[in-house]
Amino acid sequence: MNILLMSMPDCAPHFNARRWRPPNLAIASIAGNIEGHNIYIADLILRRERIPETVKELLIQYRPDVVGLSAMSFQFTTARRIASLIKSLNKDIAVILGGYHATLLYDEIGKSRESDPFDFIIRGEGDLCFHELLEAIEGKKPLEGITGVSFRSNGRFIHNPPRPLEDLTKIKLPDRSKRIWKGYNYYGFTLDIVESSRGCIMPCNFCSMDKMYGKTFRRFSIERVLSDIANAKRHGADFVIFSDDNFTLDIKRFESLCDAIVEAGHNDIRYIIQASSAGITASDTLVEKMARAGFRIVFLGIENVSEENLRLMKKGNIVEKTKLAVKRLQEYHIMIVGGMIIGNPYDTEEDIARNYEFFVNLQIDFFADQILTPYPKTGMREELLKMGLVTNTDDYSRYNCFWANVKTHTLEPEEIQFLRWKYNKKYADYICTTPSFIKNYPLAYYYRKYFRRPCIKFKNFFFQRNIDERMLYRRDMERAESMNRFF
């Protein structure tokens, strides 16, 4: 059969959709674990400008018998519209939905009209499950025997038992050769994604990771990780993101991986990871090893400077560990993307401002400032619902950490949204001026400082001096609203 795997084009408005175009690792992994079929991977983030036309062209060119769609919560609306388009063009194509949203809300989807264009739902890990489902579609095995699959029968969805977590030693490398297009990039660098582990055992209650993997942490072997890196390099990668939810859960393994990367010569490319402050400070030798191995950017889960907010998130008081982690990373010029969550139940404008000031005082290189999002099935969502603070319970297209779906005890959603915009504007000139950024990207720094920013200030002086702040805010929000309008 011809199998077409698609990832969604939706991108959170935090990101520049022209300069941030990552591949979807999940569908590449599924492709690597399917045998006996013709597989094609279409990462639609590379064709954002003309989604309906692209989908039609794909169906004509590759004539798929089965289409698999992977979607997070904020991408589900787009996935449903693509599935509806596919069915309108050829109702005989079997459409499979997978990903986080399908895993968390399969029962709700199956009971609603939102499930109409889907024939199957894969819950949890799809690496090996997808191939089993293809065998069932071909009539080689019964659908009822495939764990983790939901299927339509007599007009309603039947949900098979949950699938146990996979044995990672049985999962083959992603098949990047099945990608139809090129163009994955991160600000001019060719970008790819590799994973070294799955799951997280941290107690944070705002995250839905444990609904996919449970409170578990499973490791791929270091040899397998090195092979995956080598494969990504052969396909052109010079920047790699590790998709691990928290790279610092096993510090000894992390240090061993750093040594292995250097020994294998894979420190000729650069790496981005997500880590915790506690993890970075757990070893005196870790950061030096990271620098030698080529780890260039760390997404650091700082979250908040309020002791009360950290307690509510079940993060613990990590402020002092954050300061030490930042200091160690900066000593080796490893850039920091600081994770910040605002819009917590007791936040006032002063509380929000204090977070931004904390980041600036620590010389954090980039802000990953997110608005608290009540993701489905999370403990945080339940707490916020009890407080009456969730203002959007069902439009998941806005669940991307950019839009305010909650209020605080003193701020309405629109005020939270405005404050995020306001403090981004206030510190716009600060971004890309830190010592670590200048050390890593001196040409980009001088371009921004002596050309781009003067031009922007000149433009703003002549064309925006009579426009009030709220009008600029509304203009920017409209641009953000239009970013993911594909149909």
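Within the stretch 201-225, being within 25 Å of residue 237 (Cβ to Cβ) and at pLDDT 85 or above holds for 218, 219, 220, 221, 222, 223, 224, 225.
Being more than 25 Å from residue 112 (Cα to Cα), not charged (D, E, K, R) and not assigned by TED's automatic domain parsing to the domain that holds residue 402 holds for only one residue in 46, 69, and it is 46.
Residues that are in a loop (DSSP other than H, G, I, E, B) and within 26 Å of residue 19 (Cβ to Cβ) were ranked within the stretch 184-207; the one that is farthest from the chain's Cα centre (by Cα) is 188.
Results for (1) of a type outside the set (D, E, K, R); (2) part of a helix (DSSP H, G or I); (3) closer than 26 Å to residue 338 by Cα; (4) modelled with pLDDT of 95 or more, shown as yes or no for each residue.
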{"site": "392", "(1), (2), (3), (4)": "yes, no, no, yes"}
{"site": "397", "(1), (2), (3), (4)": "yes, yes, yes, yes"}
{"site": "420", "(1), (2), (3), (4)": "no, yes, yes, yes"}
{"site": "446", "(1), (2), (3), (4)": "yes, yes, yes, no"}
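Looking at 92, 119, 127, just one residue is among the charged types (D, E, K, R) and either touching a His at 6+ places or on another chain (Cβ under 9 Å) or within 25 Å of residue 210 (Cβ to Cβ) (or both), and that residue is 127. Could you run through the stretch 361-390 and say how many residues are exposed (fewer than 15 other Cβ atoms within 10 Å of the Cβ) and either at negative phi or touching a helix residue (DSSP H, G or I) at 6+ places or on another chain (Cβ under 8 Å) (or both)? Looking only at that region, the number is 6. Test residue 74 against the stated conditions and say whether it is crowded, with 22+ Cβ neighbours inside 10 Å, in contact (Cβ under 8 Å) with a residue 24 or more places away in the chain, closer than 28 Å to residue 172 by Cα and in the same structural domain as residue 18 (by TED's automatic domain parsing). Criteria not met by residue 74. So for the stretch 338-357 (the condition being in contact with a His (Cβ under 7 Å, 6 or more places away or on another chain), surrounded by fewer than 17 Cβ atoms within 10 Å (Cβ to Cβ), more than 27 Å from residue 78 (Cα to Cα) and not polar (S, T, N, Q)), does at least one residue qualify? Yes, some residue in the stretch 338-357 is in contact with a His (Cβ under 7 Å, 6 or more places away or on another chain), surrounded by fewer than 17 Cβ atoms within 10 Å (Cβ to Cβ), more than 27 Å from residue 78 (Cα to Cα) and not polar (S, T, N, Q).
In the set 297, 302, 261, 272, only one residue is crowded, with 18+ Cβ neighbours inside 10 Å and either part of a helix (DSSP H, G or I) or touching a His at 6+ places or on another chain (Cβ under 9 Å) (or both); that residue is 261.
Using the structure shown, decide if residue 283 is assigned to a helix (DSSP H, G or I), of a type in the set (Ser, Thr, Tyr) and at pLDDT 95 or above. Before you say what the answer is, go through the steps one by one.
Numbers: assigned to a helix (DSSP H, G or I): no; of a type in the set (Ser, Thr, Tyr): yes; at pLDDT 95 or above: yes.
Taking the combined requirement at face value, the residue does not satisfy it.
Test residue 103 against the stated conditions and say whether it is without any contact (Cβ under 8 Å) to a residue 60 or more places away in the chain, closer than 29 Å to residue 20 by Cβ and either outside any helix (DSSP H, G or I) or of a type in the set (Ser, Thr, Tyr) (or both). Criteria not met by residue 103. Only residues that are assigned to a helix (DSSP H, G or I) and touching a residue at least 12 places away in the same chain (Cβ under 8 Å) were counted in the stretch 1-60, giving 20.
Of the residues making up the stretch 174-192, those that are buried (at least 18 other Cβ atoms within 10 Å of the Cβ) and of a type outside the set (Ser, Thr, Tyr) are 174, 175, 176, 178, 179, 191, 192. With respect to the stated conditions, residue 91 fails to be assigned to a helix (DSSP H, G or I), free of Cβ contacts under 8 Å to residues at least 60 places away in the same chain and either surrounded by 23 or more Cβ atoms within 10 Å (Cβ to Cβ) or not assigned by TED's automatic domain parsing to the domain that holds residue 402 (or both).
Restricting attention to the stretch 135-186, the residues being among the charged types (D, E, K, R), in contact (Cβ under 8 Å) with a residue 12 or more places away in the chain and over 17 Å from residue 98 (Cα atoms) number 10. Within the stretch 345-372, being part of a strand (DSSP E or B) and not polar (S, T, N, Q) holds for 366, 367, 368, 369, 371. In the stretch 326-346, the residues that are at positive phi and assigned by TED's automatic domain parsing to the domain that holds residue 384 reach residues that are surrounded by fewer than 21 Cβ atoms within 10 Å (Cβ to Cβ) and among the hydrophobic types (A, V, I, L, M, F, W, C) with C-beta atoms within less than 8 angstrom, at least six apart or across chains, in these pairs: 333/291. Among the conditions (1) among the polar types (S, T, N, Q); (2) within 20 Å of residue 72 (Cβ to Cβ); (3) without any contact (Cβ under 8 Å) to a residue 60 or more places away in the chain, residue 231 misses just one, which is (2). Selection of the stretch 194-221 for residues being surrounded by fewer than 20 Cβ atoms within 10 Å (Cβ to Cβ) and among the basic types (Lys, Arg) yields 211, 215, 218, 219. In the stretch 124-171, the qualifying residues are those that are at positive phi and surrounded by fewer than 19 Cβ atoms within 10 Å (Cβ to Cβ), and the one that is modelled with the highest pLDDT is 139. Only residues that are more than 20 Å from residue 25 (Cβ to Cβ) and aromatic (Phe, Trp, Tyr): list them for the stretch 120-162, please. Within the stretch 120-162, 120, 151, 157 meet the criteria.
The values are calculated or read from the model by the stated rules, or taken from the named source; none is laboratory data. Since the structure is predicted, the reported quantities are computational estimates derived from the model, not experimental observations. Every residue, glycine as well, gets a Cβ built from its backbone with ideal geometry; the counts of neighbours run over all protein chains shown.
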